[in-house]
Amino acid sequence: MEEYWDIYDENRVFQNRTIRRGDDLADGEYYICCEVWFQNSQREMLITQRNPNLKAGGLWEFSGGGVLAGETTLQAAIREVKEEIGVEIAANELCLLHTFRQRNYFMDVYLVKKDFDIRSIVLDKDETINAKWVSKKELQVMIDNQDFVYSVARRFASLKNML
């Protein structure tokens, strides 16, 4: 199924047009993504491993993805988490940590503080092949060993003291 994204300017103002995911963006055009960081009561973070057939395949990351045309980032965050790991979350569980403006996209990073059994996760094998809870120290070792998606690791480095 093809995905379509709304297009925004550098101030995140909607430009009244959409593109098909994968199409080229002009200079000054942006789309929006979201990332959801889960933290349990032991202060562990939930990470997922990308399907080897995807870009950055086999590396670890947090759940998330592109915001579809007509969606809010909250709606996208709820949808992406459900699709990738089968966990249901409500909008009021999501706390916006930060918005990053990258070269051609905005990334809204959300935190969800929630306990659940890792065995309750249902992976979308087309996207995610594994999931686990890790301490921030374990996560840093994975980042240092380059087992983590580089762009995600950079965002984590800038926000980890907020956790």
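Volume per residue for the stretch 94-163 equals 130 cubic angstrom (convex hull of Cα atoms).
Contact order, relative form, for the chain: 25 percent (alpha carbon pairs under 8 Å, 6 or more residues apart, mean separation divided by residue count). Restricting attention to the chain, close to 70% of DSSP beta bridges with both partner residues there are antiparallel. A dipole drawn for the chain from +1 and -1 charges on Cβ atoms has a positive end, and of 142, 105, 14 the residue lying farthest that way is 142. Site pair residue 160 and residue 100 shows an inter-label distance of 1.4 nm when each label is modelled 7 Å from Cα along Cα→Cβ. Derived scalar couplings between HN and Hα for the stretch 61-72 equal 6, 9, 5, x, x, x, 8, 6, 3, x, 8, 8 Hz in order, rounded to whole Hz, by the Karplus curve 6.51 cos²θ - 1.76 cosθ + 1.60 (θ = phi - 60°), x for Gly and Pro. Between 79, 20, 50, the Gaussian network model of the chain with springs among Cα atoms under 10 angstrom shows the greatest mean-square fluctuation at 20. For the pair residue 92 and residue 23, the difference between a 0.36 nm per residue extended length and the Cα-Cα distance amounts to 21.5 nm.
For the pairs 114/160; 113/137; 82/125; 55/114, flag any whose C-alpha to C-alpha distance is greater than 22 Å. As for pairs spanning more than 22 Å Cα to Cα, those are 55/114. Other residues lying with their Cβ under 9 Å from the Cβ of residue 51 contribute a combined charge of -1, Lys and Arg counting +1, Asp and Glu -1. Going by neighbour counts of Cβ atoms within 10 Å, the residues 122, 149 line up, fewest first, as 122, 149. Within the listed set 23, 124, 108, the Gaussian network model of the chain (springs between alpha-carbon atoms below 10 Å) gives the highest mean-square fluctuation for 23. Residues whose amide H comes within less than 5 Å of that of residue 113, counting only those at least five positions distant or on another chain, are 39 (H built at 1.01 Å from N in the peptide plane). Restriction of the GluC sites (Glu not before Pro) in the stretch 1-55 to DSSP coil positions whose beta-carbon has at most 15 other beta-carbons within 10 angstrom yields 2, 3, 10. Centre-to-centre separation between the Cα atoms of the stretch 98-138 and those of the stretch 3-53: 13 Å. Put in order of Cβ neighbour count within 10 Å, fewest first, the listed residues 126, 6 become 126, 6. Treating r as the C-beta distance of residue 144 and residue 115 and R0 as 35 Å, the FRET efficiency rounds to 0.80.
The charge dipole of the chain, taken about its Cα centre with unit charges on the Cβ of Lys, Arg, Asp and Glu (plus for the first two, minus for the last two), comes to roughly 560 debye.
No value in this document is a laboratory result; all are computed from the given coordinates. Since this is a predicted model, take the numbers as computed values, not measurements. So basically every Cβ, Gly included, is an ideal-geometry build from the backbone, and we count neighbours across all protein chains shown.
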